[in-house]
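**Student:** Once you've had a glance at the structure underneath, I'll fire off some questions.
The values are calculated or read from the model by the stated rules, or taken from the named source; none is laboratory data. Just so it is clear, the model here is predicted, and its values are computed rather than measured. Cβ placement follows ideal geometry from the backbone for every residue including glycine, while neighbour counts extend to all protein chains displayed.
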Amino acid sequence: MTAATQAAEFDILVIGGGINGCGIARDAVGRGYSVCLAEMNDLASGTSSWSTKLIHGGLRYLEHYEFRLVREALSERELLWANAPHIIRPLRFVLPHQKGLRPRWMLRLGLFLYDHLGGRKLLPATRTLNLANDPAGRPLKDGFGTGFEYSDCWVDDARLVVLNARDAADRGAQVHTRTEVVALEREGDIWRATLKDRESGATRSVTARLAVNAAGPWVDRVLKGALKRNDTHNVRLVQGSHIVVRKLFDHDRAYIFQNGDGRIVFAIPYEQDFTLIGTTDRDYEGDPADVAATEEEIVYLTEAASEYFRKPITRGDVVWTYSGVRPLFDDGASKAQEATRDYVLKLDEGGRRDGAALINIFGGKITTYRRLALSVLEMIEKALGAKGPDWTATALLPGGDFPTTGLADLEAALARDFAFLPRPLVARLARSYGTRARDLLAGATSIDDLGPHFGADLYGREVAYLMQHEWARRAEDVLWRRSKLGLRVSAEQAQALEAWMAGRLDTAAPAERNQGA
């Protein structure tokens, strides 16, 4: 048997466990393709967990005439909310008019388009506010008279990634974390990939009929490293940093502030007790794994927000910072904030029509990940032949099988059935796991049944669930991606959690560790 006629283990190998990779894997396996996904670190450990946590159309993209991108993103908001109502929720944004910046007519026109481009049905429309008497005006400096309030959605970005991976695995995909594709070679019409476990060092070979390079900021690195290409420069790495401060206001709305340099900054209610402020836009050089908020960015964000808030924000108010690298397609834009946020897909067949196909993904947004996956699947169908139909528009993500307006009812039911749980813990479990919180809590009749306590409201039972079902291997996976409890636990508690998880990993089978079975 020659390589050209050799049967492959998988139809598709997906490289990268961010939102694009996991979304593609989920869509593909749901149509009937066999899928293997390899992520060199933890799921959502790159760009996908360092976003501004929004499902949004991108109001400011209208200024750059990206109408198709805005329309597509707007149309996804209510669809994604319906499919994952536990981790996505509506959020109202207040845009104060700042004299000397964009005029009122321009803001009204932009918001009119925003309301009508994307087929909005459930989210409330834009309205004009008198900030002198509206509660949203109280935290702001005197002088802001007019504001505009519009709708978008908040999302737990890292959990969105993990739930896509979980659904893909439930449907038959193999998901391998801490697994790097170190070599990728064409053998006629198949790919032979060498996968390396980054913890044990063990390697193994898999074959696939088609490969998808969804490595985000590392997409060019995959081309250079695994494929030994030396002509690659497709992405523009743009750093976006955020700061977290103690809660600045008591209402449940967010702010979007205009700055004199043309950028915008969000101030968003975050994890009950905090306010999230971001983001920045600056070109980045170096390894994306090393990105961190710079002092210059931190000061920029505190000063930008202080232009609006009555109480100035100082460097000492910052309790946490995070930074990520957006892998934007390099379109030659002169400024980082002007580079397109749209995605670009490129098919590489190795110079021959019957060669194994490689699809490279450049750019993209969390909001449009499902639509990106649809576009990728169109390319896959042309290369491999069609199987099942498009299905993700109405497919609920794990735990999302309740009405979009039913989160409070779910919390109430969990509080009734597990009356021993503190109500804040019930609320967090409902908002993280949805109806699957019952799987996590099954059989528990007292706090003692939840296992060791690691600080905040984190117990061993939840950690064990995350290790078994959601690929968590390290304390940081639990504290900063599956949750944001890292804001509330001490360094000593985090170390105790790390040790406890290491002990459990030592006794887990490799398949359980890699696939979250």
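Quick grid of which residues meet (1) free of Cβ contacts under 8 Å to residues at least 60 places away in the same chain; (2) touching a strand residue (DSSP E or B) at 6+ places or on another chain (Cβ under 6 Å); (3) of a type in the set (A, V, I, L, M, F, W, C); (4) closer than 27 Å to V235 by Cβ:
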| position | (1), (2), (3), (4) |
| --- | --- |
| T275 | yes, yes, no, no |
| T280 | yes, yes, no, yes |
| G286 | yes, no, no, yes |
| E295 | yes, no, no, yes |
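**Student:** Considering the range 212-253 alone, what residues qualify as being small (G, A, S), closer than 30 Å to V35 by Cα and crowded, with 20+ Cβ neighbours inside 10 Å?
**Tutor:** Result: A214, A215, G216, A226.
**Student:** Kindly indicate whether L195 is farther than 22 Å from K365 by Cβ, hydrophobic (A, V, I, L, M, F, W, C) and either more than 20 Å from the chain's Cα centre (by Cα) or part of a strand (DSSP E or B) (or both).
**Tutor:** yes
**Student:** Looking at G16, G58, which is the one that is within 25 Å of P269 (Cβ to Cβ), in contact (Cβ under 8 Å) with a residue 60 or more places away in the chain and in contact with a Leu (Cβ under 9 Å, 6 or more places away or on another chain)?
**Tutor:** G58
**Student:** Restricted to the range 107-122, and to residues that are buried (at least 19 other Cβ atoms within 10 Å of the Cβ) and among the aliphatic types (A, V, I, L, M), which residue is nearest to the chain's Cα centre (by Cα)?
**Tutor:** Filtering first and then ranking leaves L111.
**Student:** Report whether or not R482 is more than 28 Å from K247 (Cα to Cα) and touching a Leu at 6+ places or on another chain (Cβ under 9 Å).
**Tutor:** In short, no.
**Student:** Limited to the range 278-320, what total is found for residues that are within 22 Å of the chain's Cα centre (by Cα), among the hydroxyl-bearing types (S, T, Y) and closer than 25 Å to A136 by Cα?
**Tutor:** 2
**Student:** Count, please, the residues in the range 21-78 that happen to be out of contact with any Cys (no Cβ under 9 Å at 6 or more places or on another chain) and part of a helix (DSSP H, G or I).
**Tutor:** Number of matching residues: 27.
**Student:** Okay, next question. Kindly establish whether R60 is of a type in the set (D, E, K, R) and surrounded by 24 or more Cβ atoms within 10 Å (Cβ to Cβ).
**Tutor:** no
**Student:** Does the range 372-385 contain at least one residue that is outside the structural domain of I447 (by TED's automatic domain parsing), part of a loop (DSSP other than H, G, I, E, B) and at pLDDT 95 or above?
**Tutor:** Checking the range 372-385: at least one residue is outside the structural domain of I447 (by TED's automatic domain parsing), part of a loop (DSSP other than H, G, I, E, B) and at pLDDT 95 or above.
**Student:** Further question on the same structure: Can you confirm whether the range 84-103 contains a residue that is in a helix (DSSP H, G or I), out of contact with any helix residue (DSSP H, G or I) (no Cβ under 9 Å at 6 or more places or on another chain) and not hydroxyl-bearing (S, T, Y)?
**Tutor:** Among the residues of the range 84-103, not one is in a helix (DSSP H, G or I), out of contact with any helix residue (DSSP H, G or I) (no Cβ under 9 Å at 6 or more places or on another chain) and not hydroxyl-bearing (S, T, Y), which makes the answer no.
**Student:** Let me ask something additional. Does R416 meet the test of being basic (K, R), closer than 21 Å to N83 by Cβ and in a helix (DSSP H, G or I)?
**Tutor:** Taking the combined requirement at face value, the residue does not satisfy it.
**Student:** Got a sec? Which strands (runs of 3 or more DSSP E) wholly within the range 258-349 have at least 2 residues that are surrounded by 13 or more Cβ atoms within 10 Å (Cβ to Cβ), at pLDDT below 95 and not small (G, A, S)?
**Tutor:** Fully inside the range 258-349 and qualifying: 318-329, 344-348.
**Student:** Name the pairs: first residue in the range 246-272 and in the same structural domain as V94 (by TED's automatic domain parsing), second residue basic (K, R) and modelled with pLDDT under 95, Cβ to Cβ under 6 Å, at least 6 apart or on different chains?
**Tutor:** Matching pairs, first to second residue: I264/R60.
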